[in-house]
Amino acid sequence: MMDNVSLIRMFFLSGLNETVNYRLTLFSLTLLCYCLILLFNVSLIVTIILDKNLHEPMYILLCVLGINGLYGTTGFYPKFLWDLLSPVHVISYSGCLVQAQVVYSFACCDMSILVVMAYDRYVAICQPLEYHSILSKKRLIILACYSWLTPFCIFGINVFLTSRLKLCSPYIARLFCVNWIIVKLACFPAETTLNNIVAYITMIIYVFHGVFIVLSYMILIKTCVNSIENRAKFMQTCVPHLTSLITFLLTLLFDVMNMRYNSNKLPQMCEGWGPTRGLTQGKTV
């Protein structure tokens, strides 16, 4: 029975509480970083679209990666910049869920695109004569759609399950909304079982993405060892991609471990807040 459970309308983000003395500097650097990201991604997308010589699978995938970059940064930077200039860091309940959906789907869409790029490099080096027949325009469109739609749907399910929960605290000790942090605010931990199951299934899916990339590169390295031409091709196209992938995976792994296993406790109670009090509006059954 859920008696007198509070209906949260707003979340407080406390990730910026210790940066009061550096906010203008941080705002300037963040704005510069955001502008550079926009400039780089828009330039990349426009260049690839306008130059017909770049209408090859690898460059098209880079274009998809750039579009996803614009999508993901739009879900984080504008709100973060606003918070840097605001004395109170709040976000609406629905806005928090939308931001969680955007940030998660962006990160895993990047992962999916990196998988497709690894497959592209595998075909280019190991089956060069069949490259254009295997990676035809139709197949490339299917893979690009997979890279976008699959993470969006998977995390849509995660966020939908989170929206079912009754929460007992409006405090999120991070710079932005994260799905699992919201789940940890649930009044009744027993109700998060399904969230846990779906979250672990999601993690397993993307671990397999990583395994696929590792296996593809093991095959590529084995193939390139005895060929000077293939070694040169590998160094030119695969090493930068592999470096980006490792950086991305380490960052993602650290963030996931920090979210799920951090021992720091969020404030669950404060004056005016408890299982029978609401932040801005009344009670719900």
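General observations
- Of the residues making up the range 72-80, one or more are touching a Phe, Trp or Tyr at 6+ places or on another chain (Cβ under 8 Å), of a type in the set (Ser, Thr, Tyr) and closer than 21 Å to Phe176 by Cβ.
- Tally, over the range 118-138, of residues that are charged (D, E, K, R) and surrounded by 12 or more Cβ atoms within 10 Å (Cβ to Cβ): 2
- Qualifying residue in the range 91-106 (condition: polar (S, T, N, Q), in a helix (DSSP H, G or I) and surrounded by fewer than 18 Cβ atoms within 10 Å (Cβ to Cβ)): yes
- Cβ-Cβ contacts under 6 Å between residues 6 or more apart (or on different chains), taken from a first residue in the range 21-37 that is farther than 14 Å from Trp82 by Cα to a second residue that is open to solvent by less than 70 Å² (accessible area, probe 1.4 Å) and of a type outside the set (Phe, Trp, Tyr), are listed as Ile37/Thr73.
- From Val116, Val123, Val88, Val98, residue being hydrophobic (A, V, I, L, M, F, W, C), closer than 25 Å to Val183 by Cβ and at pLDDT 85 or above: Val98
- Check on Phe160, of a type outside the set (Val, Ile, Thr), within 23 Å of Phe106 (Cβ to Cβ) and in contact (Cβ under 8 Å) with a residue 12 or more places away in the chain: no
- Every test in (1) outside any helix (DSSP H, G or I); (2) of a type outside the set (Gly, Ala, Ser); (3) in contact (Cβ under 8 Å) with a residue 24 or more places away in the chain is passed by Pro87 save one, and that test is (3).
- Matching residues, the range 163-204, being more than 29 Å from Pro78 (Cβ to Cβ) and open to solvent by 60 Å² or more (accessible area, probe 1.4 Å): Phe188, Pro189, Ala190, Thr193, Leu194, Ile197, Tyr200, Ile201, Ile204
- Meets criteria (in a helix (DSSP H, G or I), of a type in the set (A, V, I, L, M, F, W, C), surrounded by fewer than 17 Cβ atoms within 10 Å (Cβ to Cβ) and at pLDDT below 80) for Met218: no
- Residue within the range 68-76 that is hydrophobic (A, V, I, L, M, F, W, C) and over 20 Å from Met117 (Cβ atoms) present: yes
Residue-by-condition table, conditions (1) at pLDDT 85 or above; (2) assigned to a strand (DSSP E or B); (3) surrounded by 13 or more Cβ atoms within 10 Å (Cβ to Cβ):
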site	(1), (2), (3)
Tyr22	no, no, no
Thr30	yes, no, yes
Leu38	yes, no, yes
Val46	yes, no, no
Thr73	yes, no, yes
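- Number of residues in the range 139-162 that are surrounded by fewer than 18 Cβ atoms within 10 Å (Cβ to Cβ) and in contact with a Leu (Cβ under 6 Å, 6 or more places away or on another chain) equals 0.
- Near pairs, Cβ below 8 angstrom, 6+ apart or cross-chain, from the range 174-196 (assigned to a loop (DSSP other than H, G, I, E, B)) to any residue that is charged (D, E, K, R) and open to solvent by 20 Å² or more (accessible area, probe 1.4 Å): Phe176/Lys79; Cys187/Lys166; Phe188/Lys166
The values are calculated or read from the model by the stated rules, or taken from the named source; none is laboratory data. If you're wondering where the values come from, they're calculated on a predicted model, not measured in any experiment. Heads up, the Cβs are rebuilt from the backbone with ideal geometry, glycines too, and the neighbour counts pull from every protein chain shown. Heads up: the accessible areas ignore ligands, DNA and RNA and are worked out on the full protein's heavy atoms, side chains in. Shrake-Rupley method; radii C 1.70, N 1.55, O 1.52, S 1.80 Å.
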